[in-house]
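Trainee: First the structure, then my questions, so here it is.
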Amino acid sequence: MDVYEAVESRRSVRRFSDRPVPREVLQRVLSAAAWAPSGSNLQPWHAFVLSGGPLAALKKRAGARLAAGDPWDEPEYEQYPPRLKSPYRERRAAFGEQRYGALGIARADVEARQRAASGNWECFGAPAALFCYIDRDLGRPQWSDVGMFLQSVMLLLRAEGLHSCTQMAWAKFHRTVAETVAPPRDLVLFCGMSIGYEGPAESTTRTGRAALEETVTFVDGR
């Protein structure tokens, strides 16, 4: 697949087929993604890939917590600033309106929004999931490196005809994930990533992007 095509076709899929993802495909993707850049070649990512029984068990544990109304785990990092400033606040709000509006869920219908969000902990039906950790002693530049690794994974998945959805939502159940993958204590769960073949298209519109001039400044003397 052309790189431009991979970038432009990558999106967060929230309805997957139950068609299994061959292990050799995941191995090929993750082997290639290891070439993602990282400062001084630290390669700070730690990935755990679940499928089959272990993933089903994790989904069951997470579902039981949701059904019981258990509170989220104590956060290990701040996902968003408590006071998100402009223009990020407006972009986040627009995403919420588009996402739930496409599902026919009104802004005031908190219960319906929670039901839709609960799909995160089912991995949206995906047959495979990656859980990405980073050493808690590392700093912001290394978190950036992890982001480049994850982007590489997602683009390589597109080259294999697969889709994905990265989910910080799993960090809210990091203790439940740890019960399954048993990570070393010095690691922090950054996010999960649902992986699979796209299922029946859901009623949604792809989130737009800011105009180039909003995010890029050319300084070239012209």
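The values are calculated or read from the model by the stated rules, or taken from the named source; none is laboratory data. Only a predicted model underlies this, so the values are computations on that prediction, with no experimental measurement involved. Neighbour counts run over all protein chains shown; Cβ positions are idealised from the backbone, glycine included. We work out accessible area using only protein heavy atoms, side chains counted, and drop any ligands, DNA or RNA first. Shrake-Rupley method; radii C 1.70, N 1.55, O 1.52, S 1.80 Å.
Conditions (1) touching a His at 6+ places or on another chain (Cβ under 9 Å); (2) in contact (Cβ under 8 Å) with a residue 60 or more places away in the chain; (3) at positive phi; (4) part of a loop (DSSP other than H, G, I, E, B), marked per residue:
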| site | (1), (2), (3), (4) |
| --- | --- |
| Tyr133 | yes, yes, no, no |
| Asp137 | no, no, no, yes |
| Phe149 | no, yes, no, no |
| Leu156 | no, yes, no, no |
| Phe173 | no, yes, no, no |
| Glu214 | no, yes, no, no |
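Trainee: Could you please find all residues in segment 1-17 being open to solvent by 80 Å² or more (accessible area, probe 1.4 Å) and part of a loop (DSSP other than H, G, I, E, B)?
Mentor: Our first condition is that a residue be open to solvent by 80 Å² or more (accessible area, probe 1.4 Å); within segment 1-17, this holds for 1-5, 8, 15.
Result: Met1, Asp2, Arg15.
Trainee: Counting only residues that are free of Cβ contacts under 8 Å to residues at least 12 places away in the same chain and not charged (D, E, K, R), how many does segment 60-93 have? Quick ask: steps written out before the conclusion?
Mentor: The first filter runs over segment 60-93 and keeps only residues free of Cβ contacts under 8 Å to residues at least 12 places away in the same chain, leaving 60, 64, 67-71, 74, 78, 81-86, 88-90, 93.
Add one more test, that the residue is not charged (D, E, K, R), and what stays is 64, 67-69, 71, 81-82, 84, 86, 88, 93.
Total meeting the criteria: 11.
Trainee: Additional query: Say we look at segment 68-89 and pick out the residues that are surrounded by 11 or more Cβ atoms within 10 Å (Cβ to Cβ) and closer than 21 Å to Ala211 by Cβ; which of these is farthest from the chain's Cα centre (by Cα)?
Mentor: Only one residue fits best here, namely Pro87.
Trainee: Check whether at least one residue in segment 122-130 is modelled with pLDDT under 75, open to solvent by 70 Å² or more (accessible area, probe 1.4 Å) and acidic (Asp, Glu), and report yes or no.
Mentor: Of all residues in segment 122-130, those modelled with pLDDT under 75 come to none.
Checked against the condition, which is being modelled with pLDDT under 75, open to solvent by 70 Å² or more (accessible area, probe 1.4 Å) and acidic (Asp, Glu), segment 122-130 yields no hits at all.
Trainee: Collect the residues in segment 183-206 that are under 23 Å from Gln142 (Cα atoms) and open to solvent by less than 10 Å² (accessible area, probe 1.4 Å), keeping them in residue-number order.
Mentor: So the first thing to find is which residues in segment 183-206 are under 23 Å from Gln142 (Cα atoms), and the list is 183-194.
Residues satisfying the conditions are Val188, Leu189, Cys191, Gly192, Met193, Ser194.
Trainee: Return yes or no: is Lys59 at pLDDT below 95 and out of contact with any Gly (no Cβ under 9 Å at 6 or more places or on another chain)?
Mentor: The answer is no for Lys59.
Trainee: Also, quick follow-up: Is it the case, given these coordinates, that Pro20 is farther than 23 Å from Gly125 by Cα, part of a loop (DSSP other than H, G, I, E, B) and not polar (S, T, N, Q)?
Mentor: Working: farther than 23 Å from Gly125 by Cα: no; part of a loop (DSSP other than H, G, I, E, B): yes; not polar (S, T, N, Q): yes.
No; evaluated as a whole, the condition is false for this residue.
Trainee: Taking Arg28, is it basic (Lys, Arg) and in a loop (DSSP other than H, G, I, E, B)?
Mentor: Spelling it out, it is not the case that Arg28 is basic (Lys, Arg) and in a loop (DSSP other than H, G, I, E, B).
Trainee: Just name the residue that is nearest to Val49 (Cα to Cα) out of those in segment 137-182 that are open to solvent by less than 40 Å² (accessible area, probe 1.4 Å) and of a type in the set (D, E, K, R).
Mentor: Only one residue tops the list, namely Arg158.
Trainee: Ok, one more. Can you find even one residue in segment 48-57 that is open to solvent by 90 Å² or more (accessible area, probe 1.4 Å) and either outside any helix (DSSP H, G or I) or of a type outside the set (A, V, I, L, M) (or both)?
Mentor: No, there is no match, as no residue in segment 48-57 is open to solvent by 90 Å² or more (accessible area, probe 1.4 Å) and either outside any helix (DSSP H, G or I) or of a type outside the set (A, V, I, L, M) (or both).
Trainee: Just to check your reading of the model, which residue among Arg65, Arg99, Arg92 is under 18 Å from the mean Cα position of the chain (by Cα), surrounded by 14 or more Cβ atoms within 10 Å (Cβ to Cβ) and at pLDDT below 95? Break it down into steps so the answer makes sense when it comes.
Mentor: Values: Arg65 fails: under 18 Å from the mean Cα position of the chain (by Cα); Arg92 fails: surrounded by 14 or more Cβ atoms within 10 Å (Cβ to Cβ).
None of the others qualify; the one that does is Arg99.
Trainee: I need a count of the residues in segment 12-24 that are at pLDDT below 95 and farther than 14 Å from Tyr197 by Cβ.
Mentor: Here the count works out to 1.
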